[in-house]
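Everything on this sheet refers to the single structure shown next.
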Amino acid sequence: MRFTSEQLLDSGVLEREFTLGEIPGTLWTPGSAAPAPLILMAHNNGLPKGQPRLVARARHTASYGYAVATIDAAGCGDRPRSAADERTRAELRRATRAGEPVDGILESLVGPLVERAAPEWRTALDALLSLPGIDGPVGYSGWTALGIRLAVTEPRIAAACLFAGGHVPSAQREEARRVTVPLLFLLQWDDEGNPRQRALDLFDAFGSEERTLHANPGGHIGTPWFEVEDGARFYDRHLG
């Protein structure tokens, strides 16, 4: 892991860009000297690690005493996409403009993204936990489809906060039954791109004995800021 830049924020949080082989990422660490539990933070369906809403959540969460990290995995953010990915994304844009069903297109896009992204997130996790000042247990926040895969395959993840707004491929919907870590599931009740009943069915499918659903009115990007603060209390219970 090679750090390429750093910035000390007014909150005392240190924000550092890094590269790990071909993987670019950002790490936020709190100002305290004590070892900090780590939270992996991924934006829905692989949007860029520099997406402003993700950065705001990461900075705020780090101010509670957590180390927070995000990466652009293969095919995500500014990383090169395959010709097949570009064709699928173009077809998705066309179908969306035309008002046509897009579930099949999302299935062919998001499923391969998860397959490529999960190993790189595990590689990043190995490197991050080797750094001084970062310790387990590990939390996860964000992209539901990837979070399900990591919660099932990565035993170091002890709790997860999942956003219900992204498409979850059929493979991850089946995997959800094997998720057993404590969950906080955030649902926007009027999300125009995510049928409400599908999200409720997914919540029912999780195998976690401790799982909490927070539903708020509003569209896809309307999650209230207080959910970030509630998320910090959720991590305090399971990671702190």
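Laboratory data are not the source of any read-out in this text; all were calculated from the coordinates shown. Since the structure is predicted, the reported quantities are computational estimates derived from the model, not experimental observations. Because the Cβ atoms are built from the backbone with ideal geometry, glycine has one as well, and the counts that use them run over all protein chains shown.
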Restricting to Cα pairs under 8 Å and 6 or more apart, the percent relative contact order of the chain works out to 16
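Whole number please: convex hull volume per residue, Cα atoms of segment 109-179, in Å³. Could the numbers behind the result be given before it?
Working: hull volume 5.7 nm³, N = 71.
Value for segment 109-179: 80 Å³ per residue.
Looking only at Cα atoms, what is the convex hull volume of segment 14-85 per residue, in Å³?
Details: hull volume 6.0 nm³, N = 72.
Expressed per residue, the convex hull around the Cα atoms of segment 14-85 is 84 Å³.
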Pairwise FRET efficiency - Asp236 versus Arg178, Cβ, R0 = 35 Å, nearest 0.05 = 0.85
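Please work out how much length the chain gains when fully extended from Arg156 to Phe3, using 0.36 nm per residue of separation minus the C-alpha to C-alpha distance, in nm with one decimal. Walk me through the intermediate numbers first.
Values: separation 153, 0.36 × 153 = 55.08 nm, distance 2.39 nm.
Once the chain is fully extended between Arg156 and Phe3, it gains 52.7 nm.
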Given labels modelled 7 Å from the Cα in the Cβ direction, how far is it in nm from Arg93 to Glu22?
-> 2.3
In nanometres, what is the gap between the two model label sites at Glu210 and Trp225, each 7 Å from Cα along Cα-to-Cβ?
-> 2.9
Would you list the P(r) distribution for the chain, with all Cα-Cα distances sorted into 10 Å bins from 0 and each bin expressed as a whole %?
-> 8, 33, 38, 18, 3, 0
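Pull out the extension gain between Ser82 and Asp126, defined as 0.36 nm times the separation in residues minus the alpha carbon to alpha carbon distance; nm, one decimal.
Working: separation 44, 0.36 × 44 = 15.84 nm, distance 2.64 nm.
Roughly 13.2 nm would be gained on extension.
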Distance histogram in 5 Å bins (all Cα pairs of segment 132-215, percent per bin) | 3, 16, 28, 27, 14, 7, 3, 2, 1
Going by average Cβ neighbours within 10 Å, how do the peptides 13-24, 179-190 rank, with the highest at the top?
-> 179-190, 13-24
